[in-house]
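Just passing along the structure, written as structure tokens.
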Amino acid sequence: MSDQQIDQPEDLRRVMVVAAHPDDPEFGCAGTIAKWSAAGRETTFLLLTSGDKGCHDCNVRPGQIAGQREGEQRAAAAELGVREVLFLNYPDGVLENSLELRRRLSLVLRERQPDIVVAIDPWRRYQLHPDHRAAGMATLDAVFAAREWYVFPEQLLGEREPWRVKEVYLFWTDEADYWEDVTETIDRRIAALRCHVSQVREPDKLDERIRGWLRETAKDKDMEYAEAFKRIKL
């Protein structure tokens, strides 16, 4: 496969980003999402948790944290041109790739019918956070389930049919084979990250940090700034 960005077919219009926590999309693929949204793609963010453990202040209740982080995620999504933000509200920090989660994700895929799914790479070596591993694997398992007639057939009511996702893009990957040039949208990625006030430490250094990461990702790719993915065509 080419290590450059690839022109996308016109019929791949609907995108769904599935992630474990608010701010995962912004840290993983926001420049790409801003670029695709500007090109007319309709993007949905699906967050499996609301990040209710994302605070070290024991005087703040998990429900308060979750409410704040959901608001931050919606603001960040608006910066990127995302059409819809959904939350499944699983507890943060203990997410599991359960059959129940797979069933819920399969139903969302069949209802929203994304052509492209963007998710965390669950096979990234030494990925410590269990939620990231679980979210990535559950998403891939649901992509398979959603296309099968006899997997969760109780969901196929009325006119609803199985749905076949066309492509999957995995971010935070060790096996990148697709690089998206985000030179024109890196400012929108940084602006979206700034919406996550509760999570961004040393905000005065954020711009420099993100530009450094994406400049390194673009190295030897004839791009100034890039985001990298493992691309799976189904």
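The values are calculated or read from the model by the stated rules, or taken from the named source; none is laboratory data. Since the model is a prediction, treat every value here as computed from it, not as a measurement. Ideal geometry is used to build each Cβ from the backbone, glycine not excepted, and the neighbour counts take in all protein chains shown. Ligands, DNA and RNA are excluded from the accessible area calculation, which covers all protein heavy atoms including side chains. Shrake-Rupley method; radii C 1.70, N 1.55, O 1.52, S 1.80 Å.
With the checklist (1) touching a strand residue (DSSP E or B) at 6+ places or on another chain (Cβ under 7 Å); (2) open to solvent by 10 Å² or more (accessible area, probe 1.4 Å) in hand, flag the one item Ala119 doesn't pass.
All conditions pass for Ala119, except number (2).
Table: residues versus (1) under 15 Å from the mean Cα position of the chain (by Cα); (2) modelled with pLDDT of 95 or more.
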position: Asp52; (1), (2): no, no
position: Pro62; (1), (2): no, no
position: Gln73; (1), (2): yes, yes
position: Val82; (1), (2): yes, yes
position: Val85; (1), (2): yes, yes
position: Arg103; (1), (2): no, yes
position: Val117; (1), (2): yes, yes
position: Ile120; (1), (2): yes, yes
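For Trp149, state whether it is free of Cβ contacts under 8 Å to residues at least 24 places away in the same chain, closer than 24 Å to Arg133 by Cβ, open to solvent by 30 Å² or more (accessible area, probe 1.4 Å) and of a type outside the set (S, T, N, Q).
So Trp149 does not fit the description; no.
Quick check on my filter: what residues within the range 187-234 are open to solvent by less than 90 Å² (accessible area, probe 1.4 Å), β-branched (Val, Ile, Thr) and either part of a strand (DSSP E or B) or within 19 Å of Pro22 (Cα to Cα) (or both)?
Answer for the range 187-234, where residues must be open to solvent by less than 90 Å² (accessible area, probe 1.4 Å), β-branched (Val, Ile, Thr) and either part of a strand (DSSP E or B) or within 19 Å of Pro22 (Cα to Cα) (or both): Ile190, Val200, Ile210, Ile232.
From Gly31, Gly40, Gly51, grab the single residue that is surrounded by 15 or more Cβ atoms within 10 Å (Cβ to Cβ), part of a loop (DSSP other than H, G, I, E, B) and among the small types (Gly, Ala, Ser).
Exactly one residue qualifies, and that residue is Gly51.
What are the residues in the range 170-186 that are under 11 Å from Ala34 (Cα atoms), part of a loop (DSSP other than H, G, I, E, B) and hydrophobic (A, V, I, L, M, F, W, C), if any?
Listed by number, the list holds a single entry, Val182.
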